[in-house]
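Peer 1: Handing you a structure now.
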Amino acid sequence: MRAAAILLVILAHGVNSYGSPDFLRPLQTGGVGVDLFFVLSGWLLGSQLFKELNRTQHINVSRFWIRRWMRTLPAYYVVLVFTVIQLSITKENFEFPYKYFVFIQNYDYPLHFFSISWSLCVEEQFYLAIAPLLLFSKRLSPNAKLILLLVLLVVPSIFRELEMFGHRNETHVRWDCCIMGVMLAHIYANKTALWEKLVRFNRVVLPITIAVFIGVFVLKYVPSVDASTPSPFFLSLIFGSWVLWAASPKPAPAVKAVVTGVNIVSTRSYSMYLLHPEALAACHKFMPEAPFVIYMIVALAITMVISEVLHRAIELPFMNLRERFKVSQSKSHVSLNAA
């Protein structure tokens, strides 16, 4: 699923890098891959937090934050620092972008560089909020928690409808998909009967969501139809269905083979997200006239190579380093040491 998300994003940004010709412009809708990332993050982190909460009746918020930061910040800061150094040399009157270092630039549009970082701000701000929220709600019944999450799911739509934002990439109008992931994690962990019903119901819904998603791309090729990109709330429903499918048992060997085949892309997706603009910039500079398919293949190949370097040199060492310190050890590691 992460592989699908990053490939959608690279496709959309690739079209923009290529000059957005009319015959390719509808493919920029692939930018909604970011929203798929949000649902996946909500699902992953929600699952971890509910598991800890159900097992210990507590959430170690500081450990959660430190583990997430050791996972996401090192690679981000490496790319950011190199970008800042480059711009300070090549741009006149370049101002130090302190907001980028504290993840608040999504409230300071337009972004003059590292434009993809707005989504990283949404996720980092989400990390800060979700663990305390679930900890404070631990005394609520499963039904009450579900109602709370449903309310939070709807709130961004209200903000958007009332135009309570400076830009649509601000966190309070983009957390729909993050909350959808958390809500699915809650249902999986605490409402088994409802989860099983949703899995059965999703057998009907999943093909519909896929058809609608494909239809959004197709309709953008029809001039007479004003097909706008779905809202984040609508996307949260579509991608929620996909995550529900991905989290359900899939006995078919073919499915397992596909999952195995995309594992490399999935595990490198964060580095790929950080670095794919550089690969596209290189292609735009050195091969702007190449056929689009060749352009994208080369861009993807460059992305994979430089992402592999970042993943192995920065991401993996810091992820492994988490188990070296008590404040960032996983719960299972802590329990094992205690035993």
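Taken together, the values in this text are just the output of simple stated rules run on the coordinates, not laboratory data. For clarity, every value in this text was computed on a predicted model and none was experimentally measured. Note that each Cβ is placed from the backbone with ideal geometry, even for glycine, and that neighbours are counted across all protein chains shown.
Peer 1: Using the alpha-carbon centroid of each, what span in Å lies between segment 176-245 and segment 302-316?
Peer 2: Here the answer is 31 Å between Cα centres.
Peer 1: Using a Gaussian network model on the chain with a 10 Å cutoff between Cα atoms, which of Pro21, Pro317, Pro230 fluctuates the most?
Peer 2: Looking only at Pro21, Pro317, Pro230, the biggest GNM fluctuation is shown by Pro21.
Peer 1: Taking other Cβ within 10 Å of each residue's Cβ, how do Met272, Met1, Met164 sort, fewest first? Intermediate results must be reported in sequence, preceding the final value.
Peer 2: Values: Met272 26, Met1 19, Met164 12.
Arranged by neighbour count, lowest to highest, Met272, Met1, Met164 become Met164, Met1, Met272.
Peer 1: Any idea what the relative contact order of the chain is, in percent, if you count C-alpha pairs under 8 Å spaced at least 6 apart?
Peer 2: Details: 346 pairs, mean separation 95.2, N = 339.
The normalised contact order for the chain reaches 28 percent.
Peer 1: Follow-up question, since we're still on this one. Structure shown: which of Lys91/Lys285; Lys91/Lys220; Lys99/Lys220; Lys99/Lys145 lie over 27 Å apart, alpha-carbon to alpha-carbon? Spell out each step's value before the answer.
Peer 2: Values: Lys91/Lys285 18 Å; Lys91/Lys220 37 Å; Lys99/Lys220 36 Å; Lys99/Lys145 34 Å.
From Lys91/Lys285; Lys91/Lys220; Lys99/Lys220; Lys99/Lys145, over 27 Å: Lys91/Lys220; Lys99/Lys220; Lys99/Lys145.
Peer 1: Express the Stokes-Einstein translational diffusion coefficient of the chain in µm² s⁻¹, to the nearest whole number, given a Kirkwood radius over alpha-carbon pairs, 20 °C and a viscosity of 1.002 mPa s. Please report the intermediate quantities before stating the final value.
Peer 2: Values: Rh = 21.5 Å.
For these conditions, the coefficient is 100 µm²/s.
Peer 1: Restricting to DSSP H runs of at least four residues, report the calculated mean residue ellipticity at 222 nm for the chain, -39500 (n - 2.57) per run over all residues, nearest 500 deg cm²/dmol. It would help to have the intermediate numbers written out before the result.
Peer 2: Working: 15 runs with 237 residues, N = 339.
About -23000 deg cm²/dmol.
Peer 1: For a quick protection proxy, order the peptides 44-51, 211-218, 234-241 by their average other-Cβ count within 10 Å, most packed first.
Peer 2: Ranking, from highest mean packing down: 234-241, 44-51, 211-218.
Peer 1: With +1 on the Cβ of every Lys and Arg and -1 on the Cβ of every Asp and Glu, and nothing else charged, how large is the dipole of the chain about its Cα centre, in debye rounded to the nearest 20?
Peer 2: Working: 30 positive and 19 negative charges, 315 e Å.
About 1520 debye.
Peer 1: Please compute the Cα-Cα pair-distance distribution of segment 18-63 with 5 Å bins starting at 0, giving whole percents from short to long.
Peer 2: Taking every Cα pair in segment 18-63, the percentages come to 5, 18, 15, 13, 11, 9, 7, 6, 7, 6, 3, 0.
Peer 1: What list do you get for Phe103, Phe286 if you sort them by fewest beta carbons within 10 Å? Display every interim value, and only then the final one.
Peer 2: Numbers: Phe103 22, Phe286 9.
In order of increasing Cβ crowding within 10 Å: Phe286, Phe103.
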